[in-house]
Amino acid sequence: MAPIRDQLIPLIEEGHIPKEKIDEALSITEVFPSEKDWLVFISQLLLWLGGIAIAFAVMFFIAYNLDNIGKFVQFGAIEALIIISVFTYWKFYSHPIASKVSLLSASILLGVLLALYGITYQTGADTWQLFFTWAMLITPWVIIGRFPALWIVWLILLNLSIAFYFETRFTSSQFWFDVTIKQFGSLFLLNTIALVIWESLSNKWKWLDERWAVRLLALGSGTNITWLAIYVIIEGHDMLSLLIWIIWTISFYLVYRNIKRDLFMLSEIALSGIVVVTTLVIKTISDSMDFGSLLVVAILIVGMGAGAAFWLKKIQKEWQS
């Protein structure tokens, strides 16, 4: 059954519910949050913000007072807070929000500890090694926690380690095309594999059924393959990346149009298509670029945007019917 909100929208648009009864209908069907819902939301929000604020406060405090506080105190304070966070997770395991906040705080503080260690002892490690080591060390917590936000943090760390690896290992003269293809290709592969695994397991493990996390992974996949397509169009060779972009677009359309209906995903491929087509047109007319050409490109973008909006609206109505 479609969500109550999606069932009400066509009834309101078609006039089956009088205007003076709309608020009452929304209240009865609990589309509008109740006072209790607001209290729960605010209390959970404050708990999240408080836990994350403590972790970042420690990081900024240590960074600001790096030369004013003894190394023993710095290391001891961070390690003590990590132990307290892990103990809090164990103690309040039955409280889902408090335990998750504690584990997320411990993961952030572990990164602060690694950064402090590198600064203090001048290990000479590259930036990518910091993020990769951070990701590997929190892996047991990520697995134990069964917490989507922590998995996203773990994947972000892996993304950063890959991005910094290519920037560190190759000079700027090498970086423009060949290395860029490898960098964005690796990031695309990582996020796409993570997206496929996440979607495949979300039906089995309900705690993975968080659409915001899936959409974030889709953004990581789509952004990187779109950049790859742009680079290929600009440089004019290595058409394999453009072919992969086409396959990615078709796959996203088939999956999120028919199997797992998701308007956000369709919006993403529409935006990606507009960007790639616009880049192709600009590349084609770049030799004779003038005011008229710019006007044509502007009209093309507006037209494609309007067409995408009409297409998405049509699909939304189709799903609601």
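Observations, loosely collected:
- The set of residues from segment 85-101 being surrounded by fewer than 15 Cβ atoms within 10 Å (Cβ to Cβ) and more than 27 Å from the chain's Cα centre (by Cα) comprises 87, 90, 91, 94.
- Residues within segment 47-67 that are more than 17 Å from residue 115 (Cα to Cα) and loosely packed, with under 11 Cβ neighbours inside 10 Å, tallied: 0
Results for (1) touching a Leu at 6+ places or on another chain (Cβ under 9 Å); (2) at pLDDT 70 or above, shown as yes or no for each residue.
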site: 3; (1), (2): no, no
site: 15; (1), (2): no, no
site: 18; (1), (2): no, yes
site: 44; (1), (2): no, yes
site: 71; (1), (2): yes, yes
site: 82; (1), (2): yes, yes
site: 85; (1), (2): yes, yes
site: 98; (1), (2): yes, yes
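- In segment 180-230, of all residues being aromatic (Phe, Trp, Tyr) and touching a Phe, Trp or Tyr at 6+ places or on another chain (Cβ under 7 Å), the one that is nearest to residue 145 (Cα to Cα) corresponds to 184.
- Taking the listed residues 261, 257, the one that is touching a helix residue (DSSP H, G or I) at 6+ places or on another chain (Cβ under 7 Å), closer than 25 Å to residue 216 by Cβ, of a type outside the set (A, V, I, L, M) and not in a helix (DSSP H, G or I) is 261, with no other qualifying.
- Selection status of residue 221, of a type in the set (S, T, N, Q) and crowded, with 21+ Cβ neighbours inside 10 Å: yes
- Selection within segment 279-308: residues that are of a type in the set (S, T, N, Q) and touching a helix residue (DSSP H, G or I) at 6+ places or on another chain (Cβ under 6 Å). The member of this set that is farthest from residue 244 (Cα to Cα) is 293.
- Pair list, Cβ < 6 Å and 6+ apart or interchain, from segment 152-163 residues that are free of Cβ contacts under 8 Å to residues at least 60 places away in the same chain to residues that are part of a helix (DSSP H, G or I) and not aromatic (Phe, Trp, Tyr): 154/135; 154/142; 157/135; 158/135; 162/186; 162/187
- The single residue among 282, 233 that is in a helix (DSSP H, G or I), over 24 Å from the mean Cα position of the chain (by Cα), hydrophobic (A, V, I, L, M, F, W, C) and more than 24 Å from residue 183 (Cα to Cα) turns out to be 282.
- When residues of segment 239-295 are limited to those that are surrounded by fewer than 15 Cβ atoms within 10 Å (Cβ to Cβ) and among the acidic types (Asp, Glu), the one nearest to residue 185 (Cα to Cα): 287
- Condition check for residue 274: hydrophobic (A, V, I, L, M, F, W, C) and touching a Gly at 6+ places or on another chain (Cβ under 9 Å): yes
- Put simply, of 305, 273 the only residue that is over 22 Å from the mean Cα position of the chain (by Cα) and part of a helix (DSSP H, G or I) is 305.
- Residue check, residue 249 in a helix (DSSP H, G or I), touching a residue at least 40 places away in the same chain (Cβ under 8 Å) and not charged (D, E, K, R): no
- Within segment 102-142, being among the aromatic types (Phe, Trp, Tyr) and either closer than 23 Å to residue 49 by Cα or over 20 Å from the mean Cα position of the chain (by Cα) (or both) holds for 117, 121, 134, 141.
- Selection from segment 128-149 of residues that are assigned to a helix (DSSP H, G or I), under 16 Å from residue 90 (Cβ atoms) and among the aromatic types (Phe, Trp, Tyr): 141
- Scanning segment 185-213 for residues that are in a helix (DSSP H, G or I) and touching a Lys or Arg at 6+ places or on another chain (Cβ under 8 Å) yields 199, 207.
- Those residues of segment 152-184 which are aromatic (Phe, Trp, Tyr), in a helix (DSSP H, G or I) and modelled with pLDDT under 80, in sequence order: 175, 176, 177
The values are calculated or read from the model by the stated rules, or taken from the named source; none is laboratory data. No experiment lies behind these values; they were computed from the predicted model shown. Here Cβ is always computed from backbone atoms with ideal geometry, including for glycine, and neighbour counts include all displayed protein chains.
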